[in-house]
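The structure appears right after this line, and notes come after that.
The values are calculated or read from the model by the stated rules, or taken from the named source; none is laboratory data. Everything numeric in this text was worked out from a predicted model, so none of it was measured. Cβ: placed from backbone, ideal geometry, glycine included. Neighbour counts: every protein chain shown. Just so you know, the surface numbers come from the protein's heavy atoms only, side chains and all, with ligands and any DNA or RNA stripped out. Shrake-Rupley method; radii C 1.70, N 1.55, O 1.52, S 1.80 Å.
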Amino acid sequence: MGKKIIAINGSPRKTWNTATLLQHVLDGAASKGAETELVHLYDFDFKGCTSCFACKLKDGKSYGRCAIRDDLTPVLDKIKDVDALILGSPLYFGTVTGEMRCFMERLMFPYMVYAKPPQSLFERMIPSAFVYTMNVSENAISEYGYDIHFKTNQSILERVFGSCESLFSYETLQFEDYSKIVFSYCDPAERIERRKTVFPKDCEKAYNLGQRLVQTG
């Protein structure tokens, strides 16, 4: 039986930039014999951490796992058995989407132990990855402070699961028809051309990432 790889799409769009890259990651993993699944967070009704601390209670029945029961619970249960985990999200106001943030709280906080040095209750070390799509250019990352957000997410994933690799897709195509949108941020023709010439290279990077996750997991 092949390794189990799951990708979590934090974008409300199921066929656009983020979802496309995640599917390429999974295709790369599948090419190495992995069993793959793509989950769309916007399909589910759930909320973020409610700070109930049931996952932290000594001898508690929910110690090490989220006590909330909602649409997200089966997804969290699946992740316990995967061999690699990929998260993907566009950037909204410099951070991942609200759904992705809520998911990250529910997934990772129960595994994190209040200890020095930090400890994880996740039973195995598995490779993880984060795929980001965004409107800004690579040169603007530090200017807007995005790099701090990326480092924080990577640190958390490494603390819980053991390793994390990040993939970035810059200046992505936001709209199918820019003529219908109030937009003067850049020349839409440049974005359309970039979609044809640069985005396929990002997809190739995603495919290669998927292969590495299987080979190193």
Handout entry: Which listed residue, of 121, 76, 85, is modelled with pLDDT of 95 or more and more than 11 Å from the chain's Cα centre (by Cα)
Key = 76
Exercise for the section: Could you give me the residue pairs with C-beta distances under 7 Å whose first residue belongs to segment 167-182 and is under 19 Å from residue 91 (Cβ atoms), whose second residue is open to solvent by less than 50 Å² (accessible area, probe 1.4 Å) and of a type in the set (Lys, Arg) wherever it lies, and which are 6+ apart or on separate chains? Expected result: 171/191; 173/191
Completion exercise
The residue from 3, 14 that alone is farther than 15 Å from residue 129 by Cβ and surrounded by fewer than 21 Cβ atoms within 10 Å (Cβ to Cβ) is 14
Practice task
Please indicate, with yes or no, whether at least one residue in segment 26-39 is over 20 Å from residue 126 (Cβ atoms) and not in a helix (DSSP H, G or I).
Solution key: no
Handout entry: Odd one out for residue 106 among (1) at pLDDT 95 or above; (2) open to solvent by 10 Å² or more (accessible area, probe 1.4 Å)
Key = (2)
Exercise for the section: Please work out which one of (1) closer than 23 Å to residue 96 by Cβ; (2) modelled with pLDDT of 95 or more; (3) part of a helix (DSSP H, G or I); (4) out of contact with any helix residue (DSSP H, G or I) (no Cβ under 6 Å at 6 or more places or on another chain) is the condition residue 168 fails and give its number. Expected result: (3)
Fill in the blank from the handout: Here the qualifying pairs (Cβ atoms under 6 Å; residues six or more apart or on different chains; first in segment 189-202 and over 14 Å from residue 167 (Cβ atoms); second outside any helix (DSSP H, G or I) and open to solvent by less than 70 Å² (accessible area, probe 1.4 Å)) come out as 191/173; 194/171; 195/173
Exercise for the section: State whether one or more residues within segment 28-37 are open to solvent by less than 30 Å² (accessible area, probe 1.4 Å) and closer than 22 Å to residue 159 by Cα. Expected result: no
Problem - Filtered residues of segment 81-94 (kept if open to solvent by less than 60 Å² (accessible area, probe 1.4 Å) and at negative phi) - result: 82, 83, 84, 85, 86, 87, 88, 89, 90, 91
Practice task
State whether one or more residues within segment 170-182 are touching an Asp or Glu at 6+ places or on another chain (Cβ under 8 Å), open to solvent by less than 70 Å² (accessible area, probe 1.4 Å) and within 30 Å of residue 53 (Cα to Cα).
Solution key: no
